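See structure below.
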Amino acid sequence: MLDSFEVSRRRAQADGGERAILVCLDFGKFDHADSVAEFRLLAGSAGLNAVGLIEGRRAKPDPAMFAGSGKVQEIAAAVTEREAGLVLFNHILSPAQQRNLEAELRARVVDRTTLILDIFAQRAKSHEGKIQVELAQLRHLATRLVRGWTHLERQKGGIGLRGPGETQLETDRRLLGNRVKLLTERLRKLKRQRDVQRRSRSRGRVFSVSLVGYTNAGKSTLFNALTKAQSYAADQLFATLDTTSRRIHLAEGLEIVISDTVGFIRDLPHTLVAAFQATLEETVQADLLLHVVDSASSARLEQIAEVDAVLQEIGAAQIPQVLVWNKIDLPGADGQARFSPGVERDEYGKISRIFVSAQTRDGLGALREALIECARLFASGADFDDASTAAEPTGPSAASVF
């Protein structure tokens, strides 16, 4: 007789993805509908087959199992009925909550942080990207380590590693710590290589632009449209992990370097931000940030705030930025197109926003002209006013970036 995990595994192979129950509880902090839609995209991006959704409202999480006992029973019934082997929580669980839930539900329980880390592990292609993801995973797992990391012994010879009187847990922690130290040193070496490249670029006074924004805002599509590159772009979360840079010619004697970077998301794990510091340095060292916004999203203002919060965390909040409202070809929540391609300026004639569609290329000419204007200001030694805005573009704005 097959156990539940084997049944789930075989059903997953037949369905094209592991069967999972999604749990999204409403604590009144975010737009719940948008949060649920985003979590569905996260599950899909991880290659999972969401076979059920459990929702509910609570004032605060339960200390023992995050959800209340009645809700846990509802989840358990859904796991049994849908033959799911995985339960995904759209929240951050403590190690104790995760263990208690797994014992009660008789299924693997994964929280939002672990899911995001898993997506990053699937997407990482470059050597540096893989190191950063592994480092983030190890730092996250170190906080909930019980057993399971003694397989690292095999990488170092095994016999003779364990110290006298050392418990299994202490051994696991020591081996994990050694691995973290090794990966951190490798990232330092890659950082030194990046610094050399950056100094070379600085000597040539090349204007540096980085694309930043919420995940799936269309940064890679816009990057490809501007540079004629072939960076991977897809309608999924975290399609881009590895920073890609290209030099583009804008006008006679005027070139810039533009970089496509990883997207941000609500509750982005701090371990991930720390591990990706080397990649995110491309953002910190940029002369200008193009903050790409999904203009068709009803949660765009909240997404802008989340991106600005991460920029603050990595030390890039003071870098001048231009808001690029992308996807203007898509209708808004009311089904009507809301924005026309072009540049919006304030009463001082300074750029405040640029409206484009990277997919249809509407507004790209205006964006290139704006970049020429920015690059010439940079070349002349003029200072940028860092005054980005998240207000709805109903008319000229007093806030601007130049």
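The values are calculated or read from the model by the stated rules, or taken from the named source; none is laboratory data. This one's a predicted model, so the numbers in the text were calculated from it and none came from an experiment. In this analysis, Cβ positions are derived from the backbone assuming ideal geometry, glycine residues included, and neighbour counts consider all displayed protein chains. Heads up: the accessible areas ignore ligands, DNA and RNA and are worked out on the full protein's heavy atoms, side chains in. Shrake-Rupley method; radii C 1.70, N 1.55, O 1.52, S 1.80 Å.
A few points about this structure:
- Just one of the numbered conditions (1) farther than 21 Å from Gly28 by Cα; (2) open to solvent by less than 40 Å² (accessible area, probe 1.4 Å); (3) among the basic types (Lys, Arg) is not true of Arg112: (1).
- Checking each residue in region 212-229 for being charged (D, E, K, R) and part of a helix (DSSP H, G or I) picks out only Lys219.
- A Cβ distance below 6 Å, combined with a sequence gap of six or more or placement on separate chains, defines the contacts here; from region 170-182, residues that are under 10 Å from Leu138 (Cα atoms) reach no residue that is open to solvent by 60 Å² or more (accessible area, probe 1.4 Å).
- Verdict on Arg368 being part of a loop (DSSP other than H, G, I, E, B) and either closer than 18 Å to Val209 by Cα or at pLDDT below 90 (or both): no
- One residue stands out among those in region 246-257 that are touching a residue at least 60 places away in the same chain (Cβ under 8 Å) and under 25 Å from Val293 (Cβ atoms): the one that is most open to solvent (accessible area, probe 1.4 Å), which is Leu250.
- Residue in region 379-387 that is at pLDDT 75 or above, out of contact with any Gly (no Cβ under 9 Å at 6 or more places or on another chain) and within 21 Å of Ile256 (Cβ to Cβ) present: yes
- Residues that are part of a loop (DSSP other than H, G, I, E, B), of a type outside the set (Lys, Arg), within 17 Å of Asp111 (Cβ to Cβ) and open to solvent by 40 Å² or more (accessible area, probe 1.4 Å), drawn from region 22-64: Phe27, Phe30, Pro61, Pro63, Ala64
- Criterion (at pLDDT below 85 and either at negative phi or open to solvent by less than 30 Å² (accessible area, probe 1.4 Å) (or both)) met by exactly one of Thr221, Thr243, Thr227, Thr215: Thr243
- The residues on offer are Thr271, Thr261, and the sole one that is at pLDDT below 90, within 14 Å of the chain's Cα centre (by Cα) and open to solvent by 30 Å² or more (accessible area, probe 1.4 Å) is Thr271.
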